[in-house]
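The values are calculated or read from the model by the stated rules, or taken from the named source; none is laboratory data. Just so you know, these numbers come straight off a predicted model, no measurement behind them. For neighbour counting, all protein chains shown are included, and Cβ atoms are generated from backbone atoms with ideal geometry for every residue, glycine included. When the accessible area is computed, the model is the full protein with side chains, heavy atoms only, and any ligands, DNA or RNA have been set aside. Shrake-Rupley method; radii C 1.70, N 1.55, O 1.52, S 1.80 Å.
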Amino acid sequence: MRLAFIGGGTMAEAILGGVLAADLAQPGEVAIGEPIPQRRDYLSERYGVNTYQDNVETAEGADLVVMAVKPQDLPHVFEQLGGKLDKKQSALSIAAGAKMSTLAQGLAHESIIRVMPNTPAQIGCGMSLWTCSEPVSDTHRDMARSMLGTVGEEIYVSDEKYLDMSTALSASGPAYVFMFVEALIDAGVYVGLPRDMARTLALQTVYGSVRLVMETGQHPGVLKDMVVSPGGTTAEGLQALERGGVPAAVVDAVNAAFLKSVRLGQG
């Protein structure tokens, strides 16, 4: 598999690390286009990959051209690569909100794969939802699936509408979780725990709770009820969360992120 990354940031590095660790590609088969010289030097020295300043040179000969850039940087990429990708290549975008029609028009290219990953991909625990246009070959679909599988779980969908929804839930979701974990630690300190102890208790509690849901297959509500004793401390705490509007606030947060993703796609 020959890969080209347009952009050498955190997510590109996460995917790169997964691909190399899984032996899906050798370092000499990977090219990264990155404007910052220090970043190019770092990626080249650490991973042994080819790095370039010019994106056209980066994309040359690649099977998949991975556009690992922010949405606001796409017009610049379109200006550089528009009409210059070979028909045998597929362009894979992880830019939030950028619709396949926008990508196809900007690149003047028909074979488009759109992916919405998330940051836990950095440790191989990511969640990616993806789709692709009809002209993408079965070989390139398999390449994309294998590549995404090296950094976590992946789900293919045939309808692009789910990408904006996953942007709001799984892509933005880690930030919601981090905020909750931070609040949980601060709450422990508030009631008198040393901060390092509160951190350990909070992190292991969240980690263990998620593992319990995943490994038992039980509905979260069922597991929640197993913790709650009538008139007990957990019931009191849950009532405080309900009064504070936490469940509704989570729904509002995901919906707000979804609407923002839709607006980004509309330009």
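Scanning region 248-266 for residues that are closer than 21 Å to Met179 by Cβ and at pLDDT below 95 gives Ala257, Phe258, Leu259, Lys260, Ser261. Taking the condition over 28 Å from the mean Cα position of the chain (by Cα), more than 30 Å from Pro71 (Cα to Cα), modelled with pLDDT of 95 or more and open to solvent by 100 Å² or more (accessible area, probe 1.4 Å), does Val191 pass? Yes; evaluated as a whole, the condition is true for this residue. The single residue among Ser137, Ser158, Ser166, Ser101 that is exposed (fewer than 15 other Cβ atoms within 10 Å of the Cβ) and closer than 20 Å to Lys260 by Cβ turns out to be Ser101.
Taking region 194-220, which residues are surrounded by 11 or more Cβ atoms within 10 Å (Cβ to Cβ) and part of a loop (DSSP other than H, G, I, E, B)? Across region 194-220, the qualifying residue is only Gln218. Please verify whether Val177 is assigned to a helix (DSSP H, G or I), within 19 Å of the chain's Cα centre (by Cα), at pLDDT 95 or above and farther than 25 Å from Glu29 by Cα, treating the condition exactly as stated. Answer is yes for this residue. Of the strands (runs of 3 or more DSSP E) lying entirely inside region 1-59, not one contains at least 2 residues that are closer than 25 Å to Gly82 by Cβ, touching a Pro at 6+ places or on another chain (Cβ under 8 Å) and modelled with pLDDT under 95. Scanning region 140-152 for residues that are open to solvent by 40 Å² or more (accessible area, probe 1.4 Å) and either at pLDDT below 95 or touching a Ser or Thr at 6+ places or on another chain (Cβ under 9 Å) (or both) gives Arg141, Gly149. Does region 174-197 contain at least one residue that is out of contact with any Asp or Glu (no Cβ under 6 Å at 6 or more places or on another chain) and in contact (Cβ under 8 Å) with a residue 40 or more places away in the chain? Checked against the condition, which is being out of contact with any Asp or Glu (no Cβ under 6 Å at 6 or more places or on another chain) and in contact (Cβ under 8 Å) with a residue 40 or more places away in the chain, region 174-197 yields at least one hit.
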